[in-house]
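Below is one structure, written out as structure tokens, with a few remarks after it.
The values are calculated or read from the model by the stated rules, or taken from the named source; none is laboratory data. Keep in mind that what you see is a predicted model, and the values were worked out from it rather than measured. Backbone-built Cβ (ideal geometry, glycine too); neighbour counts: all protein chains shown. Areas reflect the complete protein model, heavy atoms only, side chains present, ligands, DNA and RNA absent. Shrake-Rupley method; radii C 1.70, N 1.55, O 1.52, S 1.80 Å.
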Amino acid sequence: MKTVANLEVTTPSDREIMLTRMFDAPRSLVFDCYTKPELLKRWLTGPDGWSLVVCDNDLRIGGAFRWVWRGPDGQDMGMGGVHREIVRPERIVRTELFDQDWTGGEAVGTLVLTEQGGRTTATTTVLYASLQARDGALKSGMTKGVAASNDRLEALLASELGRKRPPSAA
């Protein structure tokens, strides 16, 4: 197990990476942040200097998603896939394929959200085509980008929760 910022990274099998992070928010809000383009654009940006310039998400079984990030040098990195399973607000399973197929083929990503005491644990497991693809993903710096994005998600959740709470009585 390795921890990057508040992100726990494990390799449960020779083809999988599991990323786990706890958020101080109810899972319905975390689910919305993982699925609504207007919220995704505010946090799923990767390392500093990157932005999410395309964010399409047809949230239904068989629906496609498409994301394109732009780096500080102007280079784009895109990925897309198809939703295989959606159980609101607890689970999403989808295929994932990068435009520049550096992962050796299509991967399958599974997001599981569990809530306890108003806090949500987000566990993302990605199943790659091979051990080499998994190891390539680990060496790519992906975990740093995920950790940076998760820090932004934590701030967005706090902001969204602040808006939903009524002001204190004076």
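What tally of residues in segment 19-35 results from selecting those that are within 11 Å of P89 (Cβ to Cβ), within 10 Å of the chain's Cα centre (by Cα) and hydrophobic (A, V, I, L, M, F, W, C)? Give the steps one after another, and end with the answer.
Narrowing segment 19-35 to residues within 11 Å of P89 (Cβ to Cβ): 26-35.
With within 10 Å of the chain's Cα centre (by Cα) added as a condition, the list becomes 33-35.
With the extra rule that they be hydrophobic (A, V, I, L, M, F, W, C), the set shrinks to 33.
So the count comes out to 1.
Among the residues of segment 36-66, count how many are touching a helix residue (DSSP H, G or I) at 6+ places or on another chain (Cβ under 8 Å) and either in contact (Cβ under 8 Å) with a residue 60 or more places away in the chain or not polar (S, T, N, Q) (or both). Can you show your working first?
Of the residues in segment 36-66, the ones touching a helix residue (DSSP H, G or I) at 6+ places or on another chain (Cβ under 8 Å) are 39-40, 42-48, 50, 52, 55-57, 59.
When the remaining residues are screened for being either in contact (Cβ under 8 Å) with a residue 60 or more places away in the chain or not polar (S, T, N, Q) (or both), the result is 39-40, 42-48, 50, 52, 55-56, 59.
Final tally of qualifying residues: 14.
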Note: among R60, R21, just one is out of contact with any Cys (no Cβ under 6 Å at 6 or more places or on another chain), among the charged types (D, E, K, R) and under 19 Å from G81 (Cα atoms), namely R60
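Taking segment 25-49 only, how many residues are polar (S, T, N, Q), part of a helix (DSSP H, G or I) and buried (at least 18 other Cβ atoms within 10 Å of the Cβ)?
Kept after step one, since they are polar (S, T, N, Q), are these residues of segment 25-49: 28, 35, 45.
Those still in the list that are part of a helix (DSSP H, G or I) too: 28, 35.
Okay, now just the ones that are also buried (at least 18 other Cβ atoms within 10 Å of the Cβ), so 35.
Within segment 25-49, residues that are polar (S, T, N, Q), part of a helix (DSSP H, G or I) and buried (at least 18 other Cβ atoms within 10 Å of the Cβ) number 1.
Against the condition open to solvent by 50 Å² or more (accessible area, probe 1.4 Å), touching a Ser or Thr at 6+ places or on another chain (Cβ under 9 Å) and under 27 Å from D14 (Cα atoms), how does R91 come out, does it pass? Even if it seems obvious, please write down each step before you answer.
On the way: open to solvent by 50 Å² or more (accessible area, probe 1.4 Å): yes; touching a Ser or Thr at 6+ places or on another chain (Cβ under 9 Å): yes; under 27 Å from D14 (Cα atoms): yes.
The answer is yes for R91.
State the number of residues belonging to segment 103-135 that are assigned to a loop (DSSP other than H, G, I, E, B), farther than 18 Å from D14 by Cβ and free of Cβ contacts under 8 Å to residues at least 40 places away in the same chain. Spell out how you get there, then give the answer.
Looking only at segment 103-135, we keep the residues that are assigned to a loop (DSSP other than H, G, I, E, B), and these are 103-106, 117-118, 128-130.
Within this subset, residues satisfying the condition of being farther than 18 Å from D14 by Cβ are 117-118.
With the extra rule that they be free of Cβ contacts under 8 Å to residues at least 40 places away in the same chain, the set shrinks to 117.
Final tally of qualifying residues: 1.
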Right, A129: within 16 Å of the chain's Cα centre (by Cα), among the aliphatic types (A, V, I, L, M) and within 16 Å of M142 (Cβ to Cβ) or not? no
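Residue-by-condition table, conditions (1) of a type in the set (A, V, I, L, M); (2) modelled with pLDDT of 95 or more:
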{"site": "W102", "(1), (2)": "no, no"}
{"site": "E106", "(1), (2)": "no, no"}
{"site": "V112", "(1), (2)": "yes, yes"}
{"site": "A133", "(1), (2)": "yes, no"}
{"site": "L138", "(1), (2)": "yes, no"}
{"site": "L153", "(1), (2)": "yes, yes"}
{"site": "L157", "(1), (2)": "yes, yes"}
{"site": "K164", "(1), (2)": "no, no"}
